[in-house]
Amino acid sequence: MTKEEKDTEELIFDAACRVFQRKGYDGARMQEIADEADINKSMLHYYYRSKDKLFQKVYQREMSRFFPVIFGVLDSDMPIDEKVEQLIETYYTFLDKNPKIVQFLFHEMNKNPERLKEFIDKQGIHPPKKLMRQLNEEAQEGKMDKVKPKQFLTSIVGLILFPFYSQAMIRGIFDLNEDEFAEYLKERKDFLLNFILNGINYKRQ
């Protein structure tokens, strides 16, 4: 593949990411992707034979960007409070640059759980064992309340992701414009760390 062909392929792929994030698999049209990439439809089909093949590539890429953010932090050697702080900071930085990815992935994961299961199996994704061990150890040492790892993990991730998934609802309820919502997210990032750690009575060093 020549450099020009590679550049065109990447141009199409980036355009497809934007369209699929806006419309989902069912709502996206190949013509719309071609228009987004500013190419004709026949060229789009030359590089990507079908919408399904193009979507599969987009889905794999976006899932690969999303999941490691969680597990890379939680399987580290940092103490619990630092892990929570790092997870909040990492996710907010990532989602600030990719605001539509949560709605896109959640919609597609719920719509096609078999595709999600295939991705998880292929990537060898599993619950972070180091975190589970660490929660029990730090509770036994009196640093925090004893909590069930599954409840702890889903609570943290839910608290982080909910505003991004439900942006329209939050902006509607609190009558926030775009700048005010951005300020809300900034305040929430600072609020979450103490809220989570206080919830488990974590004793910071």
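The values are calculated or read from the model by the stated rules, or taken from the named source; none is laboratory data. Because the structure is predicted, anything quoted here is derived from the model rather than measured. Here the Cβ is made from the backbone with ideal geometry for all residues, glycine too, and neighbour counts use every protein chain on show. Side chains included, ligands, DNA and RNA excluded: accessible areas come from the protein's heavy atoms. Shrake-Rupley method; radii C 1.70, N 1.55, O 1.52, S 1.80 Å.
Among the GluC sites (Glu not before Pro) in the range 101-205, those located in a DSSP loop and surrounded by at most 11 other Cβ atoms within 10 Å of their own Cβ are 141. Hydrophobic, long helices, defined as DSSP H runs whose alpha-carbon span along the helix axis is 20 Å or greater and whose mean Kyte-Doolittle value is at least 0.5, occur in the chain at 149-165. Applying a DSSP loop filter and a limit of 12 other Cβ atoms within 10 Å to the trypsin sites (Lys or Arg not before Pro) in the range 90-163 leaves 146. Ligands, DNA and RNA left out, the accessible area of the chain computed with a 1.4 Å probe is 51% carbon and sulfur. Computed about its Cα centre, the charge dipole of the range 59-199 is approximately 660 debye, with only Lys, Arg, Asp and Glu carrying charge at their Cβ.
Would the range 87-184 count as rounded, prolate or oblate if I go by the C-alpha gyration tensor, calling it rounded below 1.5 in a/c and otherwise prolate when a/b exceeds b/c, oblate otherwise? Judged from the Cα gyration tensor, the range 87-184 comes out oblate (a/c at least 1.5, b/c at or above a/b).
Based on protein heavy atoms only, the range 83-149 ends up with 59 Å² per residue of surface accessible to a 1.4 Å probe. Let me check against my output: what whole-number percent is the relative contact order of the chain, with C-alpha pairs under 8 Å and at least 6 apart? Rounded, it is 21 percent for the chain. The charge dipole of the range 1-49, taken about the Cα centre with unit charges on the Cβ atoms of Lys, Arg (+1) and Asp, Glu (-1), comes to about 220 debye, rounded to the nearest 20. Based on the reciprocal of the average 1/r between different C-alpha atoms, the Kirkwood radius for the chain equals 19.3 Å.
Residue 74: net charge of surrounding residues, Cβ under 12 Å, Lys/Arg +1, Asp/Glu -1, itself excluded? Once all neighbours under 12 Å are counted, the net charge is +1. Rounded if a/c is under 1.5, else prolate if a/b is larger than b/c, else oblate: which is the range 1-49, with a ≥ b ≥ c the root eigenvalues of its Cα gyration tensor? Note, shape of the range 1-49 comes out prolate. Annotation for the range 56-125 versus the range 23-38: alpha-carbon center distance of 24 Å.
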